[in-house]
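Since the structure comes first, as structure tokens, the remarks are kept for the end.
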Amino acid sequence: MENYIVEMLNITKEFPGIIANDNITLKLKKGEIHALLGENGAGKSTLMSVLFGLYQAEKGEIRKNGKKVTINNPNDANALGIGMVHQHFKLVEVFTVLENIILGVEPVKNGFLEMEQSKDKIMELSEQYGLKISPDSLIEDISVGMQQRVEILKMLYRDNEILIFDEPTAVLTPQEIKELLQIMKDLAAEGKSILFITHKLNEIMEVADRCTVLRKGKYIGTVDVEKTTKEELSRMMVGRDVSFSVEKEENKPGDVILSIKNMTVASKTHKNNAVKDVSFDVRAGEIVCLAGIDGNGQSEFVYGLTGLEKLVSGEITLRGKDISKASIRERSASGMSHIPEDRHKHGLVLDYKLEENLILQRYWQPKFQKNQFIKFDEMRNYAEELIERFDIRSSQGPTTMTRSMSGGNQQKAIIAREIDKEHELLVAVQPTRGLDVGAIEYIHSQLIASRDAGKAVLLVSLELDEVMNVSDRILVIYEGEIVGELDPKETTTQELGLYMAGAKRNTEKETGHAGE
Amino acid sequence: MDVVYYLIQNMLPVGVPLLLVALGGMFSERSGVINIALEGIMLFGAFFGALFVLNVQGTSMGPQTILLIGMVVAGVSGLIYSLLLSFASINMKANQVIVGTALNMLIPAIILLFSKMFFNSDGITTNMRFYIREIPVLSRIPVIGQMFFQRTYLTVIIGFIILAIAVVLLYKTRFGLRLRACGEHPHAADSVGINVYKMRYAGVSLSGILAGIGGFFYAVGVTDGNVSGHTGVAGFGFLALAVMIFGQWKPIRIMFAAMFFAFLRTLAYSVSLIPFLFDLGINQTYYRILPYLATMVVLALTSKNSRAPKAEGIPYDKSQR
Amino acid sequence: MQGNNNNDKPKYNFKRITSHPGFKSLGAAFMAVFLGLVVGFIIMLIASPGNAVAGFRFVLLGGMRRLGDVLYFATPILMTGLAVGFAFKMGLFNIGASGQYTMGMFFALYVAFMWDLPGSTHWIVAILAGFLGGMIWGFIPGIFKALLNVNEVITSIMFNYIGMYLVDMWIQNNGVMYNSSMTRTRYIDSGVQIPALGIAGSNVNFGIVFGILIAIILYIVLEKTTFGYELKATGHNKHAAEYAGMQGKRNIILTMVIAGGMAGLGGAFAILAPSAIAGSSMTYEPINIIATNGFTGIAVALLGSAHPIGTILSATFISYIQRGGTLTSLVGFKPEIIDIVVAVIIYFSAFAMIMNTAIARFIKARLGKDENEPLLELGEEPVEEVESQMEQDTEKEAE
């Protein structure tokens, strides 16, 4: 009989319209690192949120050390020794590291805060586990890696024994990932039990003892990591054999479509610029990928390119025309299409109907309006055409409220709109974020089709697989600068990782203008 | 120099209500709830405070005692009225600006209705005199004594005491830390076991108490113990919001901002006493407009870099991650 | 993958009706009105138990005898309701309708008194002047918001006071306009008054006709033009609007100018309206009180879901209960009772969101689930609730 420190038995959790966890059983041994694997939307985060008390399951039971327990809120979880590092950090930006760690368990005397003792304990823990932090810095001023260490210290400070990590490596550089995995091994060696949510197979193979796989809300199985392979895990995760490569032909780049010279964009949060003196070209018929860890200036670069932000300096030329100071609409009309990073914030008006969103970039053109009156028939016909061609699924067709559509179909709508409109340059930012494998395959094929049709495609991504498989040329951005240009056929993921982490870089002369 | 003393003496009783209400707004917004209803709550507190005074003014209780008890009455009334805002914004997740506007409109109507029906007038008039000529001992201190302890009201002293309490509460206590967390990142607070709903109720309730007291102090120090359903508190509740923004949600800065506005307003009403201004012969209306205009100027200058509590105005919903 | 394109669902099945936004708004409006009236009744009971029932009957039925007056008094609040509602569609709170109304009223009065024009055109020019006055006063919060990022709520409120003080001062200093012994403005010539519609027993005039026409025009602008498309898009999601190349700043200013103009027209229609007694007209007392019609407009807009046509109905309704309210004085109450009812209606309108879902869920539970209900595709993350424009605004900007 195994001794399990935590057991989640037959857990079922529902939200309106979806069963996020369907009769799932998970058992955690003391001192083990147990990975929870599944695609986006498989139900991993939900399950852990149930364990942590953020949600309550409709059915099922949780046991600690064999005894049944109820966890109604994070306080209960905490009292049982369960702690969680969230995917989106739950840190108050304007508070210090110290304040964030003690929040909720503040040491007080007659209601007044007494921080000195805690500070000592925290610095001790920091030493013991090699988690470097500076207690009096504000969260908004420290690096992402340190922020994560603060989250870990939050758990250790509360003497948590069971530690849950929710997609912890999504925001780290390869070097920081290595450090984190080592920290996890050290914690397990000290007797902590770790649950580790991820969809990254490499990491599982490296640190996990066992792995439980979820798919579409259901429990698929639990395996010993020693005895399994990446292929088997991925088959369990997706339900079929997945090819890790993308089908595409050799490309034949043509004229320069987009030319960026010395582009500099300011940062909203720091005094330094977010994009520093970046220069490169994109040609017709090629997919150039701007690769980098989140937060290295890609977002600002795209804003500067598309017009959402002003440039501090630099020149942008599209098909020979200078658009550095042009308005967003002028850029769009000059041949730039933009699939934005955040489909809900920028890409769609969720409270509009699907057909209204499909003409979002074109409603002002003579095709869709006359004397400022919208031509509703044209809009309807156009929507039906795009729905057909791009297989956009929705409950009521063109009149569907966009808010009610699934993420994949919302993204398809955006892609349909941006690809169908006349363009020379397609800017696609994280186009497959949060989508399932089927949608990802579809979107990749659309990007390649666009490239084959002679368009210039600028892809911004941080998914290593996507970067390696889809692009023809990779430009790595680190801290606002282009630090390397790589050929995906020649380079390896490791090398790419090093560039992305800033550990390696080409000299100025080698970047950006290959093929001239 | 006499003019300076005069201005300060008159400015303080005007500034204190602004200060208290702005502090109330601060507590509410720091917890994450926008309180547009400050104007209405002020009036509500003022009304009940004045009602109390009206009922006891014939008795043998001294004016300052009446003031203190009246203050409690006003604070409690403000708290009760603010529950309407709390319930709507926190439990029902209603739109905070609309609810606040409704509460602002409701009170003058109620006051007018009852005053017309029962007092046959537009409000309450009391004949209590709260004015203090001199505070013994303290008023003898050179300079400061004349500025702060002569020809004043008890409200001023109480106001500053409350300010001190507010500073300590917000920055030095566990309550204050948690409150601020709820206004910046409620999910973070929730994830460490803080009950965001309770904290927000606390924030709004504090604003109710402070606005109620502020309203009563307005009645005492500015309208001589009277409350009118028609003129209400002359927009002080909204001015307090501007003071709060100008003070960037920080208590000490709010105090300076409140005094700044109070000074302008006092100046407006004291034109006849200041020879050089009087000689300018500007219509009094322009002086009346001055605080509102000054508010706009201040907001125009500060709005670009303003840093409000990050989560304010967004109803807290646990199910969103 | 689930979900399908289907155009073969029966058009009028009950489910579709109840989830249609119009139905939800109507349901919410009814709830708010019902609760407002209930609270009003309770207050009447507290104030004067013996007369409460009689008083309440006046509220409910009093307007029936005076339908002409209902329309007469509905005109100004229809305009302020449009002023608030139009701005609302773009995600802006036009709490400044009072100031815009007062300014419009002043401009209209000025032209009425100070300009000499032939009778047939005088009132038209006065109305246009009112429009201009309101537009100017709407422009101010618009520009503060667009260029300086100052929240329009506070700007509007400040300028309500500034407008009120200025107008009162200008009137009091103008001997032609002002009758100091009566502390009111003088009567305007019949030549400047808006022609009456000739309905017996009331002074209902062309104002209401213009109001309705304007509401219809606004409806057309909102639903059929590119400007309306941009406006609503910005109101729903200003980030996407920016992404799509819409000129946010220009649209904010334009919207506030139009909204202000609406309120200004309201003031003009009110002050230029003919009055019961021959030789007299509506007058204004400059006693430093903020125009209540501006705030009533908020209730009108909310009840009408900011929809121009709905606004016509809600303005009529509120005017109706206001007429009833004035009659309650016959049994000892004061007209303020209706102000209370209106305020409570606004309070409960703010709950619209919750009430929508509560009513919808209730109906769904009764009728059973519909399999064509849009579902999330398994394999994806649940759609995140994007905050409504209002919440985004109040979150991000300084007030």
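The values are calculated or read from the model by the stated rules, or taken from the named source; none is laboratory data. Everything quoted here is computed from the prediction, not taken from an experiment. For neighbour counting, all protein chains shown are included, and Cβ atoms are generated from backbone atoms with ideal geometry for every residue, glycine included.
List of remarks:
- Among (1) modelled with pLDDT of 90 or more; (2) small (Gly, Ala, Ser); (3) more than 29 Å from residue A:108 (Cα to Cα), the one test that residue A:137 misses: (3)
- Filtered residues of segment A:38-54 (kept if small (Gly, Ala, Ser) and touching a residue at least 60 places away in the same chain (Cβ under 8 Å)): A:38, A:41, A:42, A:43, A:45
- For residue A:247, the criteria (1) modelled with pLDDT under 90; (2) surrounded by fewer than 21 Cβ atoms within 10 Å (Cβ to Cβ); (3) in the same structural domain as residue A:474 (by TED's automatic domain parsing) hold in every case but one, which is (3).
- Flag if residue A:427 is modelled with pLDDT under 90 and aliphatic (A, V, I, L, M): no
- Once segment A:448-473 is narrowed to residues that are more than 19 Å from the chain's Cα centre (by Cα) and not in a loop (DSSP other than H, G, I, E, B), the residue that is surrounded by the most Cβ atoms within 10 Å (Cβ to Cβ) is A:456.
- Criterion: within 29 Å of residue A:501 (Cα to Cα) and away from every other protein chain (no Cβ under 14 Å) - qualifying residue of A:343, A:283: A:283
- Any hit, segment C:294-308, residues being within 14 Å of chain A (Cβ to nearest Cβ) and in contact (Cβ under 8 Å) with a residue 60 or more places away in the chain: yes
- Condition broken by residue B:212, with the remaining ones in (1) closer than 30 Å to residue A:96 by Cβ; (2) at pLDDT 90 or above satisfied: (1)
- Screening segment C:309-346 for residues that are within 13 Å of another protein chain (Cβ to nearest Cβ) and of a type in the set (Gly, Ala, Ser) and picking the one that is farthest from residue C:48 (Cα to Cα) gives C:343.
- Among the helices (runs of 4 or more DSSP H) confined to segment A:271-366, the ones with at least 2 residues that are out of contact with any strand residue (DSSP E or B) (no Cβ under 8 Å at 6 or more places or on another chain) and surrounded by 20 or more Cβ atoms within 10 Å (Cβ to Cβ) are located at A:354-358.
- Residues located in segment C:218-254, provided they are assigned to a loop (DSSP other than H, G, I, E, B) and within 7 Å of chain A (Cβ to nearest Cβ): C:237, C:244, C:245
- Helices (runs of 4 or more DSSP H) (entirely within segment A:4-104) containing at least 1 residues that are on the phi < 0 side of the Ramachandran plot and among the acidic types (Asp, Glu): A:74-79, A:97-102
- Residue in segment B:106-124 that is within 14 Å of another protein chain (Cβ to nearest Cβ), in a helix (DSSP H, G or I) and acidic (Asp, Glu) present: no
- Any hit, segment B:178-197, residues being buried (at least 22 other Cβ atoms within 10 Å of the Cβ) and more than 30 Å from residue A:73 (Cα to Cα): no
- Residues of segment A:94-114 satisfying the condition of being facing chain B (nearest Cβ under 7 Å) and either among the β-branched types (Val, Ile, Thr) or surrounded by fewer than 21 Cβ atoms within 10 Å (Cβ to Cβ) (or both): A:94, A:106, A:108, A:111, A:112, A:113
Results for (1) touching a residue at least 60 places away in the same chain (Cβ under 8 Å); (2) touching a strand residue (DSSP E or B) at 6+ places or on another chain (Cβ under 9 Å); (3) not assigned by TED's automatic domain parsing to the domain that holds residue A:229, shown as yes or no for each residue.
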position	(1), (2), (3)
A:19	yes, yes, no
A:23	yes, yes, no
A:32	yes, yes, no
A:56	no, yes, no
A:63	no, yes, no
A:72	no, no, no
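- Verdict on residue C:75 being touching a strand residue (DSSP E or B) at 6+ places or on another chain (Cβ under 9 Å), among the β-branched types (Val, Ile, Thr) and either under 24 Å from residue C:273 (Cα atoms) or outside any helix (DSSP H, G or I) (or both): yes
- In this structure, residue B:228 does not qualify as away from chain C (no Cβ under 14 Å), in contact (Cβ under 8 Å) with a residue 60 or more places away in the chain and either of a type in the set (Gly, Ala, Ser) or surrounded by 20 or more Cβ atoms within 10 Å (Cβ to Cβ) (or both).
- The set of residues from segment A:395-416 being among the charged types (D, E, K, R) and buried (at least 24 other Cβ atoms within 10 Å of the Cβ) comprises just one member, A:412.
- All positions within segment A:176-199 that are among the charged types (D, E, K, R) and either surrounded by 19 or more Cβ atoms within 10 Å (Cβ to Cβ) or assigned to a strand (DSSP E or B) (or both): A:176, A:192
- The set of residues in segment B:232-289 that are of a type in the set (Lys, Arg) and within 11 Å of chain C (Cβ to nearest Cβ) contains only B:288.
- Any pair with Cβ under 9 angstrom, 6 or more apart, that starts in segment B:77-95 at a residue that is at the interface with another protein chain (Cβ under 10 Å from one of its Cβ atoms) and ends at one that is acidic (Asp, Glu) and surrounded by fewer than 24 Cβ atoms within 10 Å (Cβ to Cβ): B:93/B:317; B:95/C:391
- Screening residue B:139 against (1) under 30 Å from residue A:114 (Cβ atoms); (2) modelled with pLDDT under 75; (3) hydroxyl-bearing (Ser, Thr, Tyr) leaves a single unmet condition, (1).
- Among the residues of segment A:213-227, just one is crowded, with 19+ Cβ neighbours inside 10 Å, more than 22 Å from the chain's Cα centre (by Cα) and not aliphatic (A, V, I, L, M), namely A:219.
- Verdict on residue C:277 being touching a residue at least 24 places away in the same chain (Cβ under 8 Å), surrounded by fewer than 24 Cβ atoms within 10 Å (Cβ to Cβ) and either in contact with a Lys or Arg (Cβ under 6 Å, 6 or more places away or on another chain) or not in a helix (DSSP H, G or I) (or both): no
- There is no residue in segment A:138-146 that is touching a residue at least 60 places away in the same chain (Cβ under 8 Å) and of a type in the set (Gly, Ala, Ser).
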